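As structure tokens, the structure follows; a few thoughts come after it.
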Amino acid sequence: MAVIIKTEALSKVYNTRNKNTQALDNLTLEVESGCIFGYLGPNGAGKTTTINILLDFIKPTYGRAWIMGKEIGDVKAKEKIGFMPENPYFYTHLTSWEFLDFFGRIFHLDKTTRRNRTEKLLEMVGLKKEQKTLLKNFSRGMLQRIGIAQALINEPDLVFLDEPIASLDPIGRREIRTLIKKIKAQGKTVFFCSHILSDVEQICDEVAILKEGRLIEKGPLNKLLNVKEIEVIAQGLNSETLEAINKLSKKTTSVDGNWQIIIEKEKDLPSTLDIIQKGGGRYLSVVPHKETLEELFFSDIEKNV
């Protein structure tokens, strides 16, 4: 797939009161188009600084970056970018329709295009019935959804969302997760930051983890999350078979007439299944249990002190 974001040794040093602070340290990163990319790290790790540089809000101290093959700051590339900041400002005296129409005017969209896109986006984010409602009467979740809608008014190829799920209740979080999946289904790339790792794990194709401005982990989730153990459910096991299995397994437990076998090492799985079959038993299921993104995150943060 094509690379939509690329950075090389991207760095940012802030000088505050004659003190230098390294906010971003030699970030070299590639993001493929069409994916949901989770950008993770503790507070102060450099996540928002990265987004601000990619959006050309601030300049890097050194290093380079490209979006859609063009140097950051290129006007043509900017036209195909959508953005919702962590703390967006809403014109609360406007209705949701007026709000989206206003942003459509910023992109110099004609009246017909603005109307069509506004109607489509309100439908997409589940706010069609609220098109005449003032934003001051919106809940936090509704504001997040209209904020994402404005980030899509220009039909971007790349959408940056900074903490789109923060401060939402479980229902609101699910709505935003569903919305992000819809954006991806349209062929767009979503680059977003979040501290809610369980939500990231549910929807992201790939993640990167930062600490103190340095990239310490990156890759597809299905490759980063290691298998901790494998659960095999089997039946018809005699004592001799169980004795052989126990030499390979971590734990073997009788559950509702079946046997639950826990294997720690993936290499021991074929031998275990072979023992079951040769002993006249059969296995009903084989389920690998992977570590969670939260476990990976804290493991990475702690070992990279």
**Study point:** Stokes-Einstein D in µm²/s, Kirkwood radius over Cα pairs - segment 100-221 at 37 °C with 0.692 mPa s viscosity
**Key:** 211
Study note, to complete from the structure: Taking chymotrypsin sites (Phe, Trp or Tyr not before Pro) in a DSSP loop with at most 14 other Cβ atoms within 10 angstrom as exposed, one finds the longest site-free stretch of the chain at 108-305
Practice item. Only bridges with both residues in the chain count here: give the DSSP antiparallel percent, nearest 5. Key: 70
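Tally Lys and Arg at +1 and Asp and Glu at -1 over the other residues with C-beta under 15 Å from the C-beta of SER285: what net charge comes out? Intermediate results must be reported in sequence, preceding the final value.
Working: positive: ARG282; negative: GLU229, GLU231, ASP256.
Combined, the nearby Lys, Arg, Asp and Glu give -2.
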Practice item. Using just the helices of the chain, give the 222 nm mean residue ellipticity in deg cm²/dmol: DSSP H runs with n ≥ 4 each add -39,500 (n - 2.57), and the total is spread over all residues, rounded to 500. Key: -10000 deg cm²/dmol
Practice item. Stick to the Cα atoms of segment 6-48, pair each with every other, and give me the Kirkwood hydrodynamic radius in Å at one decimal. Key: 12.1
Practice item. Report the paramagnetic label zone for THR178: residues of segment 25-47 whose backbone N is under 15 Å from a point 7 Å from Cα along the Cα-to-Cβ axis. Key: none
**Study point:** Of (1) 211; (2) 160; (3) 175, the label for volume of the Cα convex hull per residue in Å³ derived from the coordinates
**Key:** (3)
Revision key, fill the gap. Mean separation of Cα contacts under 8 Å (at least 6 apart) over the residue count of the chain, i.e. the relative contact order in percent, is 19
Study note, to complete from the structure: Surrounding charge for HIS195, neighbours by C-beta under 10 angstrom, Lys/Arg +1, Asp/Glu -1, total -1
Revision key, fill the gap. The helix 293-303 Cα axis meets the longest alpha-carbon principal axis of the chain at an angle in degrees, between 0 and 90 and rounded to 10, of 90
Review point. With every protein chain kept in the model, how would you rank MET68, MET84, MET1, MET124 by accessible area, 1.4 Å probe, largest at the top?
Key: MET1, MET68, MET124, MET84
Practice item. Hey, could you get me the Stokes-Einstein D for segment 15-163, Kirkwood radius over alpha-carbon pairs, 10 °C and 1.306 mPa s, rounded to whole µm² s⁻¹? Key: 93
Study note, to complete from the structure: Where a ≥ b ≥ c are root eigenvalues of the Cα gyration tensor, a/c under 1.5 meaning rounded, otherwise prolate if a/b exceeds b/c and oblate otherwise, segment 157-244 counts as prolate
Exercise for review: Using a 1.4 angstrom probe, figure out how much accessible area the chain has per residue, in square angstrom, rounded to the nearest whole.
Suggested key: 52
**Study point:** Heavy-atom accessible surface of the chain: percent carbon and sulfur, 1.4 Å
**Key:** 48
**Study point:** Inter-part distance where segment 182-259 and segment 54-101 are each reduced to a Cα centre, Å
**Key:** 35
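The values are calculated or read from the model by the stated rules, or taken from the named source; none is laboratory data. This one's a predicted model, so the numbers in the text were calculated from it and none came from an experiment. Cβ sites come from the backbone with ideal geometry, for glycine too, and all protein chains shown count toward neighbours. Note: areas computed on protein heavy atoms with side chains; ligands, DNA, RNA excluded. Shrake-Rupley method; radii C 1.70, N 1.55, O 1.52, S 1.80 Å.
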